[in-house]
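Chemist: Before anything else, here's the structure in question.
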Amino acid sequence: NRLYVNTTNGLLIALDADTGQPQWMRNEGEEKGCGSMAAPIYDNGRILYKNAKRDWVCLDADTHAVLWRYSMQAAQYGGTPSLDGGLLYLAGTLGEMACLNWSDGSTVWVRQNGWTESYPSALVLSDTHIYAMVSSGKLECRLRSDGSLVWSYQTQSYAHGSPSFDGTTVFCSSDDRCIYALDPLTGALKWQRCHSGNFARSAPFTCVGL
């Protein structure tokens with residue numbers, strides 16, 4: 001079993017998951033203003049990671065050969081992408097969004113300045129929509145078909161966590177010390193609960209059926 005870690009300076013590290021021993025590493029150099037805050041994505045013998053330039057790189061997990069790469073149009077960090085139905089959705093901290101075919105990296109659609117703020121969170125998918133928090137504390141909902149904005153909801157402070165989706169509700173938190181539950185299609189607030197603890201910067205976790 002392998003464990004993959006992507007560092008902020010674009011280093012991809014493959015470890016033995018049982019022993020922690022490094023198996024291999026990959027570093028393509030650095031470019032000012034770039035890097036990664038994204039977790040690697042693995043599927044069917046392929047590993048995707050963000051280097052410290054402007055590229056998302058898809059490798060063969062066994063041979064480490066580059067299968068394809070997607071180069072963002074400007075130097076920017078990237079949040080964790082999402083993969084579903086053979087389509088990969090990714091976004092960068094300067095607002096670039098893209099949907100790619102996982103098989104060969106070919107572009108389905110690209111939007112520049114898609115996210116209205118910087119530092120997109122991990123992208124969360126429903127069957128038809130994409131959800132992400134941006135640094136101002138705004139939750140955005142966009143169409144998977146073309147990335148266009150459907151709705152947004154502004155919390156009362158900055159945000160550093162990712163949203164979650166349980167099939168009927170989108171949940172998010174922000175530095176206002178509140179948890180929000182929103183309608184996934186309209187963005188209407190279902191409920192809001194504030195807490196006395198410190199900032200909630202993790203993704204809310206839901207246990208369906210409990």
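The values are calculated or read from the model by the stated rules, or taken from the named source; none is laboratory data. These numbers were taken from a predicted model, which means no experiment stands behind them. Note that each Cβ is placed from the backbone with ideal geometry, even for glycine, and that neighbours are counted across all protein chains shown. The protein model used for the area step is the full one, side chains on, heavy atoms only, and it has no ligands, DNA or RNA in it. Shrake-Rupley method; radii C 1.70, N 1.55, O 1.52, S 1.80 Å.
Chemist: Could you tell me which of the residues Tyr42, Tyr49 is assigned to a strand (DSSP E or B) and open to solvent by 20 Å² or more (accessible area, probe 1.4 Å)?
Modeler: Within the list Tyr42, Tyr49, the selection yields Tyr42.
Chemist: Go through the stretch 137-159 and report how many residues are at pLDDT below 95, crowded, with 17+ Cβ neighbours inside 10 Å and not in a strand (DSSP E or B).
Modeler: Within the stretch 137-159, residues that are at pLDDT below 95, crowded, with 17+ Cβ neighbours inside 10 Å and not in a strand (DSSP E or B) number 5.
Chemist: May I pose another question? Name the residues in the stretch 19-30 that are in contact with a strand residue (DSSP E or B) (Cβ under 9 Å, 6 or more places away or on another chain), open to solvent by 60 Å² or more (accessible area, probe 1.4 Å) and outside any strand (DSSP E or B), would you?
Modeler: Selection gives Gln21, Asn27.
Chemist: Out of the residues in the stretch 15-54 meeting the condition of being farther than 19 Å from Thr93 by Cβ and in contact (Cβ under 8 Å) with a residue 40 or more places away in the chain, tell me which one is farthest from the chain's Cα centre (by Cα).
Modeler: Trp24
Chemist: Let me ask something additional. Just checking, does the stretch 65-83 include any residue being within 27 Å of Asp127 (Cβ to Cβ), open to solvent by 30 Å² or more (accessible area, probe 1.4 Å), touching a residue at least 60 places away in the same chain (Cβ under 8 Å) and assigned to a loop (DSSP other than H, G, I, E, B)?
Modeler: Yes, because at least one residue in the stretch 65-83 is within 27 Å of Asp127 (Cβ to Cβ), open to solvent by 30 Å² or more (accessible area, probe 1.4 Å), touching a residue at least 60 places away in the same chain (Cβ under 8 Å) and assigned to a loop (DSSP other than H, G, I, E, B).
Chemist: Further question: For residues that are open to solvent by 30 Å² or more (accessible area, probe 1.4 Å), more than 24 Å from Arg69 (Cβ to Cβ) and of a type in the set (S, T, N, Q), scanning just the stretch 106-134, find the one that is modelled with the lowest pLDDT.
Modeler: Thr116
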